[in-house]
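Each value in this text was obtained by applying a stated rule to the coordinates, not by laboratory testing. Predicted model, so just to flag it, every value in this text is computed and none were measured. Note: ideal-geometry Cβ built from the backbone for every residue, glycine included; neighbour counts use all protein chains shown.
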Amino acid sequence: MKYVIVQGDGMADHPQHKLSGKTPLEAAKTPNMDTIASAGSLGRVNTIPPGLPPGSAVGNMSLMGLNPERYYTGRAPLEARGLGVDVEENDIAFRCNLVKFSKSGNRKTMKDYSGGNPTRREAESYVKLLDENIGGNEFRFYQGVSYRNLLLWKGGRTKVDYEDIHLTPPHDITGEPIEESLPRGAGSDLLRGIQEQAEKVLCKHGNSGNGIWLWGQGIGPEVPTLKERYGLGGTVISAVDLVKGLGIYSGLISAEVEGANGNIDTNYEGKVDAAKDSLTDGSLVFLHIEAPDEASHKGNLELKLEAIERIDQRILGPLIKHLESNNQGALLLVTDHITGLESGTHERGSVPFAIFRTSTKNENIDRSFSERCSNETGINFPRGYELIDFFLSEG
């Protein structure tokens, strides 16, 4: 068998007044998603256990069959692995967003958590400036993709308990004053100082992003691979270092796709080609698309609809045809969490999933891939990490 997981990040949402009470998944034109929902298994899955932060690190860990309550140690070390950065035993990794602040008198506000979405070349210059002016033996900055970068505190665990560091994701405070969300707890004075130094460095050189924001701290996890758990090898396809790193920790090979990014203009066809090239008997491909999540963070309804429709047309359409031509494949369509257009951030709650198997297609069922329809089937996985067992079985 050949297995494909297509993860449209943050696709799930709430009914929208502008859509006459429909969710974006209900309102978008998604004939291929609806085919999967009609021809296979449709249900709901809870990817975020109680007490853990609702976000892509925890959600994707669940979808890869890992219990986050046991294995989650923070978001940033997963991103570090995706960047090829080693997080050693005493290190603490931080996600380092390039951001934009706005000022009104002495009040500073989070204007843009993504720093104006700098290009790779722009981000490279910003991160180089930060590392040259602030980095050293103890702190090192590493470039990621666009605004998503990394700070590594070498030996940080010998000085503070990383679990006592309290940081806030920048997309949670878009448009809000930052004062109450600055680093708190262990090492907070040092981390605030780094953010203040970074703002001075970036503003001095006239960069479009005028600051950094540290969050998602953690230490390197130890997790079993998919090979050890299920006897499967395979590939992770994503423009997001977090998902790449999680895939690599799980024993998957990260496929590099030229032109792939975390935005609406990612290289969809390149991702599909990489998936086709990687699919062999006994393999799994985890294909991730970030665009719906980014649209939700920006509160952009039209962009979220377009992102969902592009996944349907340019990812799922070709993949369904490819799997049907082999007649020995299974595809899991899912999202990692709710990302609310109104809240602009990740939220708790069950999300829809659908499984399409070329060998056992249902007939005469008409339903959509949506929050409403998935709630009506009675199929529910309260522990998200158990979904993969159902997917890899014969259903």
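In segment 84-218, Cα pairs under 8 Å separated by at least six residues give a relative contact order of 36 percent. If only the Cβ of Lys and Arg carry +1 and only the Cβ of Asp and Glu carry -1, the dipole of segment 84-218 around its Cα centre is close to 580 debye. Computed over segment 84-218, the P(r) tail beyond 21 angstrom holds 36 percent of alpha carbon pairs. Normalised by 2.2 N^0.38 Å, where N is the number of residues, the C-alpha radius of gyration of the chain stands at 0.97.
Phi angles of segment 22-31 translate, via the Karplus equation with coefficients 6.51, -1.76, 1.60 and θ = phi - 60°, into HN-Hα couplings of 8, 7, x, 5, 6, 7, 5, 7, 9, x Hz per residue; Gly and Pro are given as x. Rounded to the nearest Hz, the phi-derived 3J(HN,Hα) couplings of segment 66-75 under the Karplus curve 6.51 cos²θ - 1.76 cosθ + 1.60 (θ = phi - 60°) are 10, 6, x, 5, 9, 10, 6, 10, x, 7, where x marks glycine and proline.
Helix content alone sets the calculated 222 nm mean residue ellipticity of the chain: runs of n ≥ 4 DSSP H residues at -39500 (n - 2.57) each, divided across all residues, give -9000 deg cm²/dmol. Potential lengthening of the chain between ILE253 and LYS128 amounts to 42.2 nm, from the contour at 0.36 nm per residue minus the alpha-carbon distance.
Across all directions, the average projected area of the convex hull around the alpha carbons of segment 1-78 is 7.4 nm². Protection proxy ranking for 228-234, 176-182, 100-106, 51-57, using the average of other Cβ atoms within 10 Å per residue and placing the highest first: 51-57, 228-234, 176-182, 100-106. Computed over the chain, relative contact order equals 32 percent, with contacts defined as Cα pairs under 8 Å that lie 6+ residues apart.
Net charge of the neighbourhood of SER102, taken over other residues with C-beta under 13 Å away and scored Lys/Arg +1, Asp/Glu -1, is +2. The distance linking segment 83-159 with segment 238-259 is 20 Å (Cα centroid to Cα centroid, whole angstrom).
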